[in-house]
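> Here it is: the structure, laid out below.
The values are calculated or read from the model by the stated rules, or taken from the named source; none is laboratory data. Every value quoted in this text rests on a predicted model; they were computed, and no experiment measured them. Reconstructed Cβ throughout: ideal geometry from the backbone, glycine too, with neighbour counts over all protein chains shown.
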Amino acid sequence: MCFGGVCVFEGIWVLKNAFAMFVAALLAVVLSTAARSEDLRSLKLNQSTVGLLASQPSLAENVLAMANAIDHTDGLRVLPIIGRGSLQSINDLLFLRGVDAALLSSDSLAFVKKHNLYEDETGKLAYLAKLATLNVVVVARKEIAGIDNLAGMRVATGPANSDEFVAAELIFDALGTTFERVPTTGKNSLAALLDGRIDAAVFVGAPSYSLLNTIKANSGLHILSLSLPETLTETYSPAILENKDFPRLIAEGTVVETVAAALILAVFDWPERSERFYKMRKFNKALLSTYLASRSAEEGTNFSAAVPGWKQYLTAKDLMGTTKAPQQSLTITTLQ
């Protein structure tokens, strides 16, 4: 119907169409705003969340303690993750999204370099702190006098994802000692030693102390002396084992020479002024002011100590020694 040349139905259609376009535009703005809000929330959450990996299940309690100490400091959230060995943890640090830091054995880096597993990628790794010393302990039958005598014998070095495997491969190869690898570790290695199914076994780190101290007197086992090979001075440090460490394996008043790797908190070496660099700086600062400061006060540990074969992360160099200890005390799992 038209009046004076104006069609009513046509006008109504135009009005409806305009209203529909207005509603669509308004909805688009609302959805766009909501999407941006979600994007900002996601960005903020990821900028403050750190994935902290324990390379071995035995380190899970320490990673949890670290996470509990750091959580909510400067808005940080720490997600504990259980890994599958130091070698896999190197891979995860280099390539897996969500893994920002990893608690692992320092000699794993020398292993991947030796076997050229990642070409030039290993130069992108650094460490925030040295948390503990990981002594390498080689236990053998009494009649085996030294490492040289293990040539051709059965030695438990653990599976390929274990710290024992890494240490044995590096050290025995450097010494030129060939042996038969037995892929057991921990309690299984000790049981095999006591039963005579193997001739020696390699143990690394804190869990080995409590395990080896379950050995009864006159077990027929002892700890072999291990000198630091010249080719591994950029991987291990010389160490001494005493009677107080293993009273049933080392005679009172004597010591046994060995080598040690380090338990470190490793990170990807993010370049300065990158987004992840600032997140790791915030994490490093929180780590120093809570977990490390508390342990340092209790144990007098030097967490800024140099680690053979590793470079220290830039923020760690800047922050070490400048952060005050917290007022409250923390309950921390002791690392050997």
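> Go through the residues of the stretch 231-252 one by one and say whether even a single one is at pLDDT 90 or above, within 21 Å of the chain's Cα centre (by Cα) and either in a helix (DSSP H, G or I) or surrounded by fewer than 13 Cβ atoms within 10 Å (Cβ to Cβ) (or both).
Yes, the stretch 231-252 has at least one match.
> Here is a follow-up. Just to be sure, is residue 156 closer than 27 Å to residue 115 by Cβ, among the hydrophobic types (A, V, I, L, M, F, W, C) and at pLDDT 95 or above?
yes
> Being more than 25 Å from the chain's Cα centre (by Cα) and assigned to a helix (DSSP H, G or I) narrows it down to one of 170, 190, so name that one.
190
> Is it true that residue 276 is surrounded by fewer than 17 Cβ atoms within 10 Å (Cβ to Cβ), at pLDDT below 95 and basic (Lys, Arg)?
Answer is yes for this residue.
> If you check 188, 161, which single one turns out to be without any contact (Cβ under 8 Å) to a residue 60 or more places away in the chain and either surrounded by fewer than 22 Cβ atoms within 10 Å (Cβ to Cβ) or touching a Lys or Arg at 6+ places or on another chain (Cβ under 8 Å) (or both)?
Sole residue among the options that is without any contact (Cβ under 8 Å) to a residue 60 or more places away in the chain and either surrounded by fewer than 22 Cβ atoms within 10 Å (Cβ to Cβ) or touching a Lys or Arg at 6+ places or on another chain (Cβ under 8 Å) (or both): 188.
> So which residues in the stretch 263-278 are closer than 23 Å to residue 309 by Cβ and without any contact (Cβ under 8 Å) to a residue 24 or more places away in the chain?
Matches in the stretch 263-278: 270, 271.
> For the stretch 83-129, which positions are part of a loop (DSSP other than H, G, I, E, B), without any contact (Cβ under 8 Å) to a residue 40 or more places away in the chain and within 22 Å of residue 281 (Cβ to Cβ)?
96, 97
> On to the next question. For residue 240, state whether it is within 21 Å of residue 106 (Cα to Cα) and of a type outside the set (Gly, Ala, Ser). It would help to see each step written out before you state the result.
Values: within 21 Å of residue 106 (Cα to Cα): yes; of a type outside the set (Gly, Ala, Ser): yes.
Criteria met by residue 240.
> Among the residues in the stretch 219-227, are any under 18 Å from residue 156 (Cα atoms), among the hydrophobic types (A, V, I, L, M, F, W, C) and in a strand (DSSP E or B)?
Within the stretch 219-227, one or more residues are under 18 Å from residue 156 (Cα atoms), among the hydrophobic types (A, V, I, L, M, F, W, C) and in a strand (DSSP E or B).
> For the stretch 135-148, indicate whether the set of residues that are among the small types (Gly, Ala, Ser) and within 23 Å of the chain's Cα centre (by Cα) is non-empty. Please lay out each step first, then the result.
First, the residues of the stretch 135-148 that are among the small types (Gly, Ala, Ser): 140, 145-146.
Narrowing further to those that are within 23 Å of the chain's Cα centre (by Cα): none.
Checking the stretch 135-148: not a single residue is among the small types (Gly, Ala, Ser) and within 23 Å of the chain's Cα centre (by Cα).
> Given the residues 161, 218, which is the only one that is among the polar types (S, T, N, Q), at pLDDT below 95 and on the phi > 0 side of the Ramachandran plot?
None of the other options fit; the residue is 218.
> Got at least one residue in the stretch 314-329 being modelled with pLDDT of 80 or more, assigned to a helix (DSSP H, G or I) and crowded, with 16+ Cβ neighbours inside 10 Å? Please lay out each step first, then the result.
First, the residues of the stretch 314-329 that are modelled with pLDDT of 80 or more: 314.
Still in the list and also assigned to a helix (DSSP H, G or I): 314.
Right, trim to crowded, with 16+ Cβ neighbours inside 10 Å and you get 314.
Yes; the residues of the stretch 314-329 include at least one that is modelled with pLDDT of 80 or more, assigned to a helix (DSSP H, G or I) and crowded, with 16+ Cβ neighbours inside 10 Å.
> Let me ask something else about it. For the stretch 205-230, enumerate the residues that are within 17 Å of residue 173 (Cα to Cα) and crowded, with 16+ Cβ neighbours inside 10 Å.
Those that are within 17 Å of residue 173 (Cα to Cα) and crowded, with 16+ Cβ neighbours inside 10 Å: 224, 226, 228, 229.
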